[in-house]
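Asks: After the structure tokens below, expect a handful of questions from me.
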Amino acid sequence: MLSLTDDERVTDPEYPTETERLMLRKPDRRDLPRLFALYTDPQAWRPDPVSRHHTIEQTERMLDNWCTAWHRDGLGMWVAHHPDGTFVGIGGCFVRYDVAWNLGFRIVPRFWGRGYAQEISAAATSAAGRLRADLPVTAYVLESNERSRRTVERIGLGLVWRGADAGNPDASAVRLLYSDRPLPEETVRALTER
């Protein structure tokens, strides 16, 4: 594999980014079956039922959105693999509503508890900071999703907002907004009221 500097890895998404244990690369159509399996796995979506996929068309739209983010932002969601090619999950950052980087991740359940979400998140927040340090890095997680909360807290994001999860059919669902810095009220509204 070519040896690239950190800046080259961020600005050329065709080349993979390496973490200590993972290869992270821009997703493409060959990932569709694995992504669909991940987003339909009851164990994987149970912490956030709204993110469950019912059809492969939902997964295709998500993949298209990820590719759009890569084109627009120079960064997006990565597909994560072990060096031997074993699919581990997804994660990365994209610009949300032009006000903040949004951090997201989803790991194949058999790899939970090994620090992969934190490893991917650290790479993503670092890349986002190199591309647009003016934007805060945020994460929007369900309060009941303790695993995701711990991950974002471990990478240094702090709680900046707690409230109803707009659009969630479960009226009792509570979302938490984390950020790497204090957020102006208009940014909080942009991220939480849609």
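Asks: Quick check on the chain: of the DSSP beta bridges with both residues there, what percent are antiparallel, nearest 5%? List each step's numbers first, then the result.
Replies: Details: 29 of 31 bridges.
Of those bridges, close to 95 percent are antiparallel.
Asks: With every protein chain present, what is the per residue accessible area of the chain (1.4 Å probe, Å²)?
Replies: Details: 9780 Å² over 194 residues.
With all protein chains present, the chain gives 50 Å² per residue.
Asks: What are the ³J(HN,Hα) values, in whole Hz, obtained from phi via the Karplus relation 6.51 cos²θ - 1.76 cosθ + 1.60 with θ = phi - 60°, for each residue of the stretch 154-171 in sequence order, with x given for Gly and Pro?
Replies: Karplus values, whole Hz, x for Gly and Pro: 5, 8, x, 7, x, 5, 10, 7, 9, x, 4, 8, 4, x, 7, x, 8, 4.
Asks: With θ set to phi - 60° and the Karplus curve 6.51 cos²θ - 1.76 cosθ + 1.60, what are the ³J(HN,Hα) couplings of the stretch 97-114 in order, to the nearest whole Hz, using x for Gly and Pro?
Replies: Coupling constants for the stretch 97-114: 6, 6, 10, 6, 6, 10, 8, x, 6, 8, 10, 4, x, 5, 9, 4, x, 10 Hz.
Asks: Using only Cα atoms, what is the ratio of the radius of gyration of the stretch 128-194 to 2.2 N^0.38 Å? Kindly include the intermediate steps, with their values, before the conclusion.
Replies: Details: Rg = 12.3 Å, N = 67, 2.2 N^0.38 = 10.9 Å.
My calculation over the Cα atoms of the stretch 128-194 gives 1.13.
Asks: Can you tell me which of A44, A124, A139 moves the most in a GNM of the chain? Springs connect C-alpha atoms under 10 Å apart.
Replies: Ranking A44, A124, A139 by mean-square fluctuation puts A44 first.
Asks: Which of I56, I90, I120 moves the most in a Gaussian network model of the chain with Cα springs under 10 Å?
Replies: Highest fluctuation of the listed residues: I56.
Asks: Computed FRET efficiency, Cβ-Cβ of Y97 and A171, R0 30 Å: what is it to the nearest 0.05?
Replies: Approximately 0.80, to the nearest 0.05.
Asks: Taking the Kirkwood radius as the inverse of the mean 1/r across Cα pairs, report the Rg/Rh of the stretch 60-122.
Replies: 1.00
Asks: Here's a follow-up. Have a look at the chain and give its Rg and Dmax from the Cα atoms, expressed in angstrom.
Replies: 15.9, 50
Asks: I've got another one for you. Arrange the residues H82, H54, H71 by how much accessible surface each exposes, largest first, with a 1.4 angstrom probe.
Replies: From most accessible down to least: H71, H54, H82.
Asks: Around V88, which amide H atoms from residues at least 5 apart in sequence, or from another chain, sit under 5 Å from its own amide H, with H modelled in the peptide plane?
Replies: So V88 has HN proximity to A80, H81, H82.
Asks: Which of R30, R132, R96 moves the most in a Gaussian network model of the chain with Cα springs under 10 Å?
Replies: For the chain, modelled as a Gaussian network with Cα springs under 10 Å, the answer is R30.
Asks: Given a Förster distance of 22 Å, report the FRET efficiency between E146 and A37 from their Cβ-Cβ distance, rounded to the nearest 0.05.
Replies: Approximately 0.40, to the nearest 0.05.
Asks: Is it possible to state the helix-based mean residue ellipticity at 222 nm for the chain, with each DSSP H run of 4+ residues giving -39500 (n - 2.57), the sum divided by total residues, to the nearest 500 deg cm²/dmol? What is it?
Replies: -10500 deg cm²/dmol
The values are calculated or read from the model by the stated rules, or taken from the named source; none is laboratory data. Since the structure is predicted, the reported quantities are computational estimates derived from the model, not experimental observations. All Cβ positions, glycine included, derive from the backbone under ideal geometry; neighbour counts span all protein chains shown. Surface areas here come from the heavy atoms of the whole protein model, side chains and all, with no ligands, DNA or RNA. Shrake-Rupley method; radii C 1.70, N 1.55, O 1.52, S 1.80 Å.
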